[in-house]
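Coordinate-derived values only; no laboratory data. These numbers were taken from a predicted model, which means no experiment stands behind them. A quick note on method: Cβ atoms are made from the backbone with ideal geometry, for glycine too, and the neighbour counts reach across all protein chains shown.
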Amino acid sequence: MRLVLVGPPGAGKGTQAQYIASNLSIPKISTGDIFRANVSGGTELGKLAKTYMDRGDLVPDEVTIAMVRDRLSEDDAQDGFLLDGFPRNVPQAEILRDMLKDWGQALDLVLELVVDDDEVVRRLAGRRTCSQCGRIWHVEFDDKKDDRCDVCGGALFQRDDDKEETIRHRLEVYQVQTAPLVAYYADEGILVGVDATGPVEEVTERAMEAIRPFTG
Ligand SMILES: [Zn+2]
């Protein structure tokens, strides 16, 4: 099974990627992991990527694509994989399609985690970080009544990333970037949406249910 997982920030994509890949016994391949592996392994691509990151610049598409190609060529990815964080746009999706075609492969499925914006805001804007130990609490899910850490007593604060305005902006950026990608895969007939609200285990179950018809 070769699949791509897409979803907005706050949809629990990283966690679901882990569970789904492990349920399907395929490697979870995320661009974050690939970057870290190349940089810490000191590969040529890693060194090149690092020159951009050190300057605070975005790593160019060609470098990302070359890293993805290397990773997908590895033995453990020959019978399937779950891609997380790639492709990000239609040109990358076309490159991926051609890459797989060269190897006699094709994507089976693109799973889209669907969460409504207000739900994402509710999840993320409720987060409070402990200024002393860094632990994260949730005003609603942890039933936090005070602004002190239960573990160390440190003062809790809301990170800028967790402010509603920032979250809504990230959601807008995501929509603009991802809508064409989702439409592209819908056209290809391999897009399936999964409701990503509710407990983690339930979302995984729904995702596995959605994947079942596509497993040979
Ligand atoms: Zn603390």
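Side notes on the structure shown:
- For the chain, the longest principal axis of the C-alpha atoms and the axis of helix 90-102 are separated by about 40°.
- Potential lengthening of the chain between Glu62 and Thr15 amounts to 14.2 nm, from the contour at 0.36 nm per residue minus the alpha-carbon distance.
- Between Glu164 and Asp54, residue separation times 0.36 nm minus the direct Cα-Cα distance comes to 36.7 nm.
- When the Cα gyration tensor is reduced to axis lengths a ≥ b ≥ c, the ratio a/c is 1.5 or higher for the stretch 152-204, and with a/b not above b/c it is classed as oblate.
- Cα gyration tensor category, rounded, prolate or oblate, for the stretch 128-216 with a/c compared to 1.5: oblate
- With Cα atoms, 0 to 90° folded angle of helix 200-211 axis to the chain main axis: 20 degrees
- Computed over the chain, the convex hull of the alpha-carbon atoms projects to a mean area of 13.5 nm².
- Here the chain carries DSSP beta bridges of which approximately 25% are antiparallel, counting only pairs with both residues inside.
- Dividing the convex hull volume of the alpha carbon atoms of the stretch 57-163 by its residue count gives 179 Å³ per residue.
- Cα gyration tensor category, rounded, prolate or oblate, for the stretch 52-117 with a/c compared to 1.5: oblate
- Per residue Cα convex hull volume in Å³ - calculated over the stretch 96-142: 151 Å³
- Adding -39500 (n - 2.57) for every DSSP H run of four residues or longer, then dividing by how many residues the chain holds, sets the calculated 222 nm ellipticity at -15000 deg cm²/dmol.
- Exposed trypsin sites (Lys or Arg not before Pro) absent: longest stretch of the chain, with sites in DSSP loops and at most 16 other Cβ within 10 Å deemed exposed: 1-54
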